[in-house]
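The values are calculated or read from the model by the stated rules, or taken from the named source; none is laboratory data. Not measured: the values here are computed from a predicted model. Ideal geometry is used to build each Cβ from the backbone, glycine not excepted, and the neighbour counts take in all protein chains shown. Heads up: the accessible areas ignore ligands, DNA and RNA and are worked out on the full protein's heavy atoms, side chains in. Shrake-Rupley method; radii C 1.70, N 1.55, O 1.52, S 1.80 Å.
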Amino acid sequence: MDVATLSKGLDTIWVVLTAAMILLMEGGFALLEAGFVRQKNAVSIIMKVFVDITFGALIFYFIGFALMYGKDAGGFIGTTGFMLGGDLSHINLNITHDTYWLFQCAFVIAVISIVSGAVAERIHFRAYILYTIAMTGLIYPLAGHWVWSVGGWLGKLGMIDFAGSAVIHALGGFSALAAAIFIGPRIGKFTADGKSNIVPPSNLPLASVGAFILWFGWFGFNSGSTLSATNGSIGHIAVTTMLAASAGGAACILFTMFRYKKADPPMVINGSLAGLVGITAGCSFVSDQAAILIGAFCGVMMVLATEFLESRRVDDPVGAFAVHGISGSLGALAVGLFAKPELTKGIGQEYYGLFYGGGWHLLGVQALGLVIISLWGFALTWGSLWLIKRVMPVRVSKDEELIGLDVGIHGVPAYNQDHDFLDLELLKARK
């Protein structure tokens, strides 16, 4: 076996394994969101995750991948690659197009899962299926094309987003914000005078396990984005990922102890996730110390953003916008401040961070791209839900919401409360 064949084989194994790690994050999303919502809506969370994986993968195969990575037209859209067919010769990698599609498919599934949490406990299941098609087939693929494709206009300007703080998380976060505003708060979440009622999570241990699974999967998310098992930056990417997540969680522990006089468990869980989101854009291009600063700052800002949304009567049950929208935005901008010249040279990028003498160009490009992508996600999500509402309800009925979506929509509870009684009756019948 020659060296080239061996290298291609190793890279293929690496990308497939890291794609599987990212797909495992869907289990993390399921547990996290099910733990944060009320018990009567746990099944609805699981069903939405299955929609993300099933419909998301199929739509991305038929349409999304082509629009995102197909041969460029004007820097805005891809035109080849539908069902992985047509001319994809411009994708010049050491892995097959099938392997590349699998990795990118894992990313698109993560994007739609961000929105899922923001509309938990009140979106209609059929409407969510249609929105998933819009996100995975159009909204995310076009934004991704602008930054990551060969010929994308934001990429040509010099925007850096290594694993998606802007393209995945800011896009998903601002889409989640639009969806949460459009669909409105849960019944009883806010009083008539605008004060917020606490809706206790059903299972914080479950949510914490979900966060740990997401943390684990993030090493595939970031390190896997090298698309090569022999890339020398894999170790550095893993270290910055770990440090940012730890800093985000630690900052939330200290900040909530100071602010609330006690460490707030849901905030701490989301603080670590905020650190992970924040480092995703620059994990390969910033120092260890910068990763700690980014993670800590994202953790604190996540808390403040959560409070702000509550004050504006926006109901986001799992903190999707605060974690992904805010931290993704900060992470994208942080690249313009902290990107080191010796690290950006490896991607043929002549621009680097302001704090390293790179001037304002990269920060300006990052800000421009962030604004465009965020507005795109918000506007297209609002428009998609508006169109869906023309043909079917976007929100469940009042009775369905009060009884819970598990029974009201799916016809089955997450936890069978009558199993002890049924077992007793079975024993009596046998006697």
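Backbone phi angles across the range 172-187, fed through the Karplus curve with coefficients 6.51, -1.76 and 1.60 (θ = phi - 60°), yield HN-Hα couplings of x, x, 6, 5, 4, 4, 4, 5, 5, 5, 4, 7, x, x, 5, 4 Hz in residue order; Gly and Pro are listed as x.
Largest to smallest in accessible area, the residues Glu342, Glu33, Glu307 fall in the order Glu342, Glu307, Glu33 (1.4 Å probe, all protein chains included). Computed extension gain for Arg312 through Val199, at 0.36 nm per residue and net of the alpha carbon distance, reaches 39.0 nm. Helix-only arithmetic for the chain: the sum of -39500 (n - 2.57) across DSSP H runs with n ≥ 4, divided by the residue total, places the mean residue ellipticity at 222 nm at -20500 deg cm²/dmol. Expressed as a whole percent, the accessible area of the range 150-216 that falls on carbon and sulfur atoms is 70 (1.4 Å probe). Rounded to the nearest angstrom and listed largest first, the equivalent-ellipsoid semi-axes of the range 62-126 from its Cα gyration tensor are 29, 14, 10. Computed in the context of the full set of protein chains, the accessible area of the range 20-97 at 1.4 Å probe radius has 74% of its extent on carbon or sulfur. Report note on the peptides 160-167, 136-143: ranked by the mean count of other C-beta atoms within 10 Å, highest first, their order is 160-167, 136-143. Counting only protein heavy atoms, what percent of the accessible surface of the range 258-345 is carbon or sulfur at a 1.4 Å probe? Using a 1.4 Å probe with all protein chains present, the range 258-345 comes out at 66 percent carbon and sulfur. When the chymotrypsin sites (Phe, Trp or Tyr not before Pro) in the range 1-80 are filtered for DSSP coil states and for at most 12 other beta-carbon atoms within 10 Å of their beta-carbon, no site remains.
Charge dipole (Cα centre; +1 on Lys/Arg Cβ, -1 on Asp/Glu Cβ; no other charges) of the range 99-241 amounts to roughly 260 debye. Output the 0 to 90 degree angle, nearest 10, between the alpha-carbon long axis of helix 361-391 and the longest principal axis computed from the alpha carbons of the chain. On a 0 to 90 degree scale, this one is about 40. Magnitude of the charge dipole for the chain, about its Cα centre and with charges confined to Cβ atoms of Lys, Arg (+1) and Asp, Glu (-1), is about 760 debye.
Each residue of the range 148-156 was assigned a 3J(HN,Hα) from its phi angle through the Karplus expression (A = 6.51, B = -1.76, C = 1.60, θ = phi - 60°), giving 9, 7, 6, x, x, 5, 6, x, 5 Hz with x at Gly and Pro. Per residue, the solvent-accessible area of the range 72-132 (1.4 Å probe, heavy atoms of protein chains only, all protein chains present) comes to 32 Å².
Remark: the range 285-423 carries 49 Å² of accessible area per residue (probe radius 1.4 Å; ligands, DNA and RNA excluded). Surface calculation, 1.4 Å probe, protein heavy atoms: Ser7 sits at approximately 30 Å² accessible. The charge dipole of the range 186-302, taken about its Cα centre with unit charges on the Cβ of Lys, Arg, Asp and Glu (plus for the first two, minus for the last two), comes to roughly 420 debye.
When Ser175, Ser202, Ser225 are compared by accessible surface with a 1.4 Å probe, the order from highest to lowest is Ser202, Ser225, Ser175. Put +1 on the Cβ of each Lys and Arg and -1 on the Cβ of each Asp and Glu in the range 302-349; which of Ala334, Pro317, Met302 then has its Cα farthest toward the positive end of the dipole? So the residue we want is Ala334. The Cβ shell under 15 Å around Phe212 holds other residues with a net charge of -2, Lys and Arg each +1, Asp and Glu each -1.
Would you work out which of Phe162, Trp360, Pro185 lies farthest towards the positive end of the dipole of the chain? Charges go on Cβ: Lys and Arg +1, Asp and Glu -1. The listed residue farthest towards the positive side: Pro185. Cβ-Cβ distance of Met257 and Ala192, R₀ of 45 Å, FRET efficiency by 1/(1 + (r/R0)^6): the value works out to about 0.85.
The residues of the range 145-188 expose, per residue, 23 Å² of accessible area to a 1.4 Å probe. Backbone geometry of the range 282-290 corresponds, through the Karplus equation with coefficients 6.51, -1.76 and 1.60 at θ = phi - 60°, to 3J(HN,Hα) couplings of x, 4, 8, 10, 10, 6, 4, 5, 5 Hz, x marking Gly and Pro. I need the calculated FRET efficiency for the pair Leu6 and Asp87, taking r as the beta carbon distance and R₀ as 25 Å, to the nearest 0.05. After rounding, the FRET efficiency stands at 0.35.
The listed residues Asp264, Asp316, Asp406 rank as Asp264, Asp316, Asp406 when sorted by accessible area, largest first, using a 1.4 Å probe.
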